[in-house]
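What follows is a single structure, written as structure tokens, with notes after it.
The values are calculated or read from the model by the stated rules, or taken from the named source; none is laboratory data. Here the structure is a predicted model, which means the values were calculated and not measured. A quick note on method: Cβ atoms are made from the backbone with ideal geometry, for glycine too, and the neighbour counts reach across all protein chains shown.
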Ligand SMILES: NC(=O)c1ccc[n+]([C@@H]2O[C@H](COP(=O)([O-])OP(=O)(O)OC[C@H]3O[C@@H](n4cnc5c(N)ncnc54)[C@H](O)[C@@H]3O)[C@@H](O)[C@H]2O)c1
């Protein structure tokens, strides 16, 4: 094809996709039915992992829960059963350990069957300035927040590809789109998680496996305890998010095959600005939004988890 034909083609397609997006502002996208699907959630023992488990349970799915916190996971299983899960399987699994992921994944395949919705949710934060963070914690952050995604994809993606059916959900962070003072290791791990999920998603598309969907979730602070102590400067613009709201938005994104979910909505605007503003203006905006002092009052998990 020549340049002119391809250019006209891409312009027409662009108009069509924009019209479609505009229409969907008023007409909701049809939600897919995931009844009977096997949903695996890492880090399901607390926070949004637990809440997503309850939401998926209400959609008549089979749940596979992974965590290193046995008590928390048991409580999630109880709540998921109460919410209507078809079946719930629990596995103690440290997803930062590649061999453990592969071993437990084999158990899952034998006992629960092929996973068709994989939610990489487990996450940790050091909360220290880069030079104060011990090497071991930096490594652990990258292993849990990023490398675990590689190993779970390796374990569960082949069946999704074979069936050309499935959904990969990456719980990243807005810290995976914009660097934050005092969060270097966490930001690096989340940027990597975003890049990984985005690239594999494109690889699947390029190889014709368009039945395997990807959703990448980038929320600002959520009130789960992980970032306890952190404060937001302008709550109207950047509110600390309610975990129930976040879980519902994630499930909705999965049901409508939404690729990027940024929360709150203002984050779409802020992320776009970061890439187009002159550097000094970007820094001034960051200061205005309180981005430079976000971590100054960080305490992290202080409440007892179960
Ligand atoms: N809370 C926030 O403000 C916020 C904001 C943006 C993104 N996120 C991301 O959302 C996800 C869920 O966080 P949350 O707020 O629910 O925190 P949380 O601490 O309540 O939940 C994290 C869960 O992961 C589990 N986990 C930790 N290490 C693990 C490992 N090696 N193997 C298996 N499980 C492990 C923990 O036991 C815990 O149950 C994380 O990936 C986090 O980075 C959180």
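Based on what the data block shows, is residue 159 away from the ligand (no atom under 14 Å from the Cβ) and free of Cβ contacts under 8 Å to residues at least 60 places away in the same chain?
Working: away from the ligand (no atom under 14 Å from the Cβ): yes; free of Cβ contacts under 8 Å to residues at least 60 places away in the same chain: yes.
Yes: the conditions hold for residue 159.
For the range 128-155, give me the residue count where each residue is touching a helix residue (DSSP H, G or I) at 6+ places or on another chain (Cβ under 8 Å), farther than 12 Å from residue 193 by Cβ and within 15 Å of the ligand (Cβ to nearest atom).
Of the residues in the range 128-155, 4 are touching a helix residue (DSSP H, G or I) at 6+ places or on another chain (Cβ under 8 Å), farther than 12 Å from residue 193 by Cβ and within 15 Å of the ligand (Cβ to nearest atom).
Considering only the range 20-48, how many residues are more than 16 Å from the ligand (Cβ to nearest atom) and either in a loop (DSSP other than H, G, I, E, B) or modelled with pLDDT under 95 (or both)? Walk me through how you get there before you give the answer.
Of the residues in the range 20-48, the ones more than 16 Å from the ligand (Cβ to nearest atom) are 20-38.
Cutting the leftovers down to either in a loop (DSSP other than H, G, I, E, B) or modelled with pLDDT under 95 (or both) gives us 20-37.
Result for the range 20-48: 18.
Can you name the residue in the range 191-230 that is within 11 Å of the ligand (Cβ to nearest atom), under 20 Å from residue 265 (Cβ atoms) and not in a loop (DSSP other than H, G, I, E, B) and, of all such residues, is nearest to the chain's Cα centre (by Cα)?
The qualifying residue nearest to the chain's Cα centre (by Cα) is 217.
Can you tell me which of 233, 248, 265 is free of Cβ contacts under 8 Å to residues at least 12 places away in the same chain, exposed (fewer than 15 other Cβ atoms within 10 Å of the Cβ) and within 16 Å of the ligand (Cβ to nearest atom)?
Details: 233 fails: free of Cβ contacts under 8 Å to residues at least 12 places away in the same chain; 248 fails: free of Cβ contacts under 8 Å to residues at least 12 places away in the same chain.
The conditions single out 265.
Picking from 105, 122, which residue would you name as being closer than 23 Å to residue 172 by Cα, crowded, with 18+ Cβ neighbours inside 10 Å, in contact (Cβ under 8 Å) with a residue 12 or more places away in the chain and within 10 Å of the ligand (Cβ to nearest atom)? Quick ask: steps written out before the conclusion?
On the way: 105 fails: within 10 Å of the ligand (Cβ to nearest atom).
After ruling out the rest, the residue left standing is 122.
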